[in-house]
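The next block holds one structure in the form of structure tokens; read it before the comments.
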Amino acid sequence: MNLIAAVDKNWAIGINNQLLVHIPDDMKRFRRMTIGKVVVMGRKTLESFPGGQPLKDRVNIVLSKDKTYQPEGVTIVHSMEELSGELKKYKSGDIFVIGGESIYRQLMEQCDTAYITRINYEYQADAWFPNLDEMDAWQVAEEGEEQTYFDLEYYFVTYRNHSIDEKEIHGKG
């Protein structure tokens, strides 16, 4: 499975259930990587999308404890066990965890790759991604060149989770 997120200098990802910043190239990259794939998110992340609508041309899976929550166009699961069962229907490499904070934290140990947009700025935030640079299991596999959006510098960085056995990764789907 994959993680995908845009983070600031402090690994912040959002405030008031919104992204910190909208960088067009980051949005294009997200779209390109997730189209035709499976996206896993929490209820608040789904609700942060325009009109609370699921992402088009993707399988949207939402983890929510609220058993009455039944938005259209998504698969709702209510527990990690139920989510695990649902994800077995798909190839691991086709699954992208897209947030929010608690979903990232719950699923990151099961993920082998993290596609991170590192933004060279500190934002005010109330949601954070786990700091992969402080975790022994996660190492930078690839770092893109500095890019800019107006005066904002950012980088596309790929991390790999070395605690997951290669056979396990390739054996799942």
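The values are calculated or read from the model by the stated rules, or taken from the named source; none is laboratory data. Since the structure is predicted, the reported quantities are computational estimates derived from the model, not experimental observations. Every residue, glycine as well, gets a Cβ built from its backbone with ideal geometry; the counts of neighbours run over all protein chains shown. With ligands, DNA and RNA removed, areas are computed over all heavy atoms of the protein, side chains included. Shrake-Rupley method; radii C 1.70, N 1.55, O 1.52, S 1.80 Å.
So for the pair D133, Q106, with labels modelled 7 Å out along Cα→Cβ, what separation do we get in nm?
Label-label distance for D133 and Q106, simple model: 2.9 nm.
Restricting the count to DSSP beta bridges whose residues both fall in the chain, what percent are antiparallel, rounded to a multiple of 5?
Bridges in the chain are about 50 percent antiparallel.
Whole number please: convex hull volume per residue of the Cα set in segment 65-159, in Å³?
155
Rounded to the nearest whole Å², what accessible area per residue is found for the chain with the 1.4 Å probe?
Spelled out: the 1.4 Å probe surface of the chain, per residue, equals 57 Å².
Would you calculate the separation in nanometres between label points at R32 and D151, each defined as 7 Å from the Cα along the Cα-to-beta-carbon direction?
Placing both labels 7 Å beyond Cα along the Cβ direction yields 2.8 nm.
What trypsin sites (Lys or Arg not before Pro) does segment 78-173 have in DSSP loop regions with at most 15 other beta carbons within 10 Å?
Of the trypsin sites (Lys or Arg not before Pro), the ones in loops of segment 78-173 whose Cβ has at most 15 other Cβ atoms within 10 Å are K88, K89, K91.
Return the carbon/sulfur percentage of the accessible area of segment 3-161, one whole number, probe 1.4 Å, all protein chains in place.
Percent of accessible area from carbon and sulfur atoms in segment 3-161: 46.
What's the FRET efficiency of K91 with E122 using the Cβ-Cβ distance as r and R₀ = 30 Å, to the nearest 0.05?
0.20
If you look for lysine pairs in the chain that are eight or more places apart or on different chains, how many of them have Cα atoms under 19 Å apart?
Qualifying lysine pairs in the chain: 16.
Run the dipole for the chain about the Cα centre, Lys and Arg Cβ at +1, Asp and Glu Cβ at -1, nothing else charged, and hand back the magnitude in debye, nearest 20.
I would put it at about 860 debye.
Does segment 11-64 classify as rounded, prolate or oblate by the C-alpha gyration tensor (a ≥ b ≥ c root eigenvalues; a/c under 1.5 gives rounded; else a/b over b/c gives prolate, otherwise oblate)?
It is oblate, given that a/c is not under 1.5 and a/b is not larger than b/c.
To check my understanding: the extent here is largest minus smallest coordinate of the Cα atoms along each principal axis. What are those three numbers for segment 9-134, in Å, largest first?
On the principal axes, segment 9-134 reaches 37, 31, 26 Å in Cα extent.
From the C-alpha coordinates alone, can you work out the Kirkwood hydrodynamic radius of segment 61-117, in Å?
12.4
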